[in-house]
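Read-outs: derived from the displayed coordinates by stated rules, not from any lab. Keep in mind the model is a prediction, meaning the values are calculated, not measured.
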């Protein structure tokens, strides 16, 4: 869990999040669905290695490189602020 919201804000937050996820690279979403769909509650080391390999491959792709460049530009050359301010830096 990375966030707690009052009940009154939950529906709006989930709606904005779903709309933002819908703009993500299709290959990244498909990979995430494939990896998450097969995951056991506590993934085995081999599953984790497969996940990390898939993430590394996606990060080398053009969509991820384009997004990283945009974030660096908006965050004054560093990706560190993106961890906490991704919606603000990348856009809703």
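Taking 0.36 nm per residue of sequence separation and removing the Cα-Cα distance, the residue 42/residue 7 pair yields an extension gain of 9.7 nm.
Judged by the gyration tensor of its Cα atoms, with axes a ≥ b ≥ c, region 1-47 is oblate; a/c meets the 1.5 cut and b/c is at least as large as a/b.
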